[in-house]
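A.B. asks: Before I ask anything, here is the structure I am working with.
Coordinate-derived values only; no laboratory data. Bear in mind the structure is a predicted one, so any value in this text is a computation, not a measurement. Quick reminder, even Gly has a Cβ in these numbers, built from the backbone with ideal geometry, and neighbours come from all protein chains shown.
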Amino acid sequence: MTAVTVAEPLARKGSDYAALARQVRAAGLLDRRPRSHAVRIGVTLAFYAGACAAVAWVGDSWVQMVVAVLLGVAFTQIGFLGHDSGHQQMFTSRRANDLFGRLLGNLLIGLSYGWWVGKHNRHHANPNKEDHDPDIGEGVLAFTTAQIAARTGRLGQVIARRQAWLFFPLLTLEGFNLHVASVLSLRAGAERSSRGGSRAAEAFLLTVHLAVYLAGLLLVMSPAKALVFIAIHQGVWGLYMGCSFAPNHKGMPVIGADEDIDYLRRQVVTSRNVRGGVFTDLLLGGLNYQIEHHLFPSMPRTSLRHAQRLVRPYCAGLDIPYCETSLLNSYTAAIRHLNILGAPLRTRALRPHPARPTGTSIPGT
């Protein structure tokens, strides 16, 4: 499947979104920021290279577990750059954005850029919409009442009952899940590299990443330390990635599969912003301005906070709910949502079983 980057819709003259888009465009907020991107790319790649160099420098020592944490952070920051490339924010050429995205994703962190862009574009087109948004599709956790009702297996029900408690522990496995999903998507041919790129090129880059990653670790440390390093590194990456994306939509309104809502309201009411300053912007890779990002996906990351000054009052004027909260409260809302969804299964599990009729034999006795 060829992935096509979701851009701002063609604004119909006179529509609510069109009026906002004209304000944003007039303010120059959709213009690329080459200097800002150059600095961010340079700093992020230097951090990544430094973490890799630290692995070689520390050698066969348990201090490597600290380096594993740093490398997990570096992987996530590389992922943020790949996210910017996927939305065509960096370069004027689509080909340049995609080439850079593949190098970042497939080669540096072992994540299929083509598969991820296709999945992410479907999410952007229909955030929090049942049967349309892959981010709330069927999986280990249940994000809708329909998914809870469909849980019939014993293991699935056990997980769903306690999914609020399991949310953060399960995120430590997300790094491994991204690697596996990337390989399976290319192997099955279900997803092709974005915009006509070959699966062979992506598969080659993924293979190089895996070979260098494993060989590099085994060359500088014992197999036991390498296994612990991998567990910590991939766990930190998965947890950091999950904690960066989870506040954006989890616990926000879910749109029914057959509901039809205009673009402006669909993007705003299902998204949540996270308050904070420069540190929060860096920590979350600009995803803390989720509303503005969903309204204008190709807007450079550094322009999002300026766009907020236009978007928030505009939404207030139309009585469109604009959600912004602290990082801690965003996690609380997501966990509360998962806990409420799992409540019916917990109640069912606590119900007393009906008494057996007298004289009824118990199988196996």
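A.B. asks: Which FRET efficiency, nearest 0.05, do LEU227 and LEU282 yield, Cβ-Cβ r, R0 35 Å?
C.D. replies: 0.65
A.B. asks: Can you order the peptides 76-87, 265-276, 220-231 by their average number of other Cβ atoms within 10 Å per residue, highest first?
C.D. replies: By packing density, highest mean first, the sequence is 76-87, 265-276, 220-231.
A.B. asks: Turning to a different aspect of this structure: Which whole-Hz couplings ³J(HN,Hα) result when phi for each residue of region 89-101 is put into the Karplus expression 6.51 cos²θ - 1.76 cosθ + 1.60, θ = phi - 60°, listed in order with x for Gly and Pro?
C.D. replies: 8, 8, 10, 6, 8, 4, 4, 5, 4, 5, 5, 5, x
A.B. asks: Counting only helical runs of four or more DSSP H residues, what would the 222 nm mean residue ellipticity of the chain come to if each run contributes -39,500 (n - 2.57) and the total is spread over all its residues?
C.D. replies: Helices in the chain give a 222 nm mean residue ellipticity of -20000 deg cm²/dmol.
A.B. asks: Work out the FRET efficiency for LEU328 and GLN23 from their Cβ-Cβ distance, taking R0 = 35 Å, and round it to the nearest 0.05.
C.D. replies: The formula returns an efficiency of 0.65 here.
A.B. asks: Tell me whether region 16-349 comes out rounded, prolate or oblate; compute the Cα gyration tensor, take square roots of the eigenvalues as a ≥ b ≥ c, and use a/c under 1.5 as the rounded threshold.
C.D. replies: Note, shape of region 16-349 comes out oblate.
A.B. asks: Quick check: residue separation of GLU138 and PHE47 times 0.36 nm, minus the Cα distance between them. What number comes out in nm?
C.D. replies: Going from the current span to full extension adds 29.2 nm.
A.B. asks: Given H placed on each backbone N at 1.01 Å, which residues far from LYS129 in sequence or on other chains put an amide H within less than 5 Å of it?
C.D. replies: Long-range HN contacts for LYS129: ILE255.
A.B. asks: Given the Cα-Cα distance of THR152 and HIS306 and 0.36 nm per residue of separation, how much length would full extension add, in nm?
C.D. replies: Once the chain is fully extended between THR152 and HIS306, it gains 50.7 nm.
A.B. asks: For SER326, what residues show an amide H to amide H distance below 5 Å, using hydrogens built from the backbone and excluding near sequence neighbours?
C.D. replies: Amide H neighbours of SER326: ARG275.
A.B. asks: Rounded to whole Hz and in sequence order, give me ³J(HN,Hα) for region 157-171 from the Karplus expression 6.51 cos²θ - 1.76 cosθ + 1.60, θ = phi - 60°, writing x for Gly and Pro.
C.D. replies: Each residue of region 157-171 in turn: 5, 4, 5, 5, 4, 10, 5, 5, 6, 8, 4, 5, x, 5, 5 Hz.
A.B. asks: Here's a follow-up. With a ≥ b ≥ c taken as the square roots of the eigenvalues of the C-alpha gyration tensor of region 86-178, please select rounded if a/c is under 1.5 and otherwise prolate if a/b is larger than b/c or oblate if it is not?
C.D. replies: Prolate, because a/c is 1.5 or more and a/b exceeds b/c.
A.B. asks: Distance between the C-alpha centers of region 71-95 and region 103-176? Whole Å please.
C.D. replies: 21 Å
A.B. asks: Right, next: Pulled fully out, how much extra length does the chain show between ASN339 and VAL208, if you take 0.36 nm times their separation in residues and subtract their Cα-Cα distance?
C.D. replies: Result: 43.0 nm gained on full extension.
A.B. asks: Run the numbers on region 16-349 and let me know its relative contact order in percent, using alpha-carbon pairs under 8 Å that are six or more apart.
C.D. replies: That works out to 25 percent.
A.B. asks: Using the beta-carbon distance between ALA215 and ARG275 and R0 = 41 Å, what value does 1/(1 + (r/R0)^6) give for FRET efficiency, to the nearest 0.05?
C.D. replies: So the FRET efficiency works out to roughly 0.40.
A.B. asks: Same structure, new question: Starting at the first residue of region 304-313, write each ³J(HN,Hα) from the Karplus equation 6.51 cos²θ - 1.76 cosθ + 1.60 with θ = phi - 60°, in whole Hz, x for Gly and Pro.
C.D. replies: Rounded to whole hertz, the list is 4, 5, 6, 5, 4, 5, 9, 6, 4, x.
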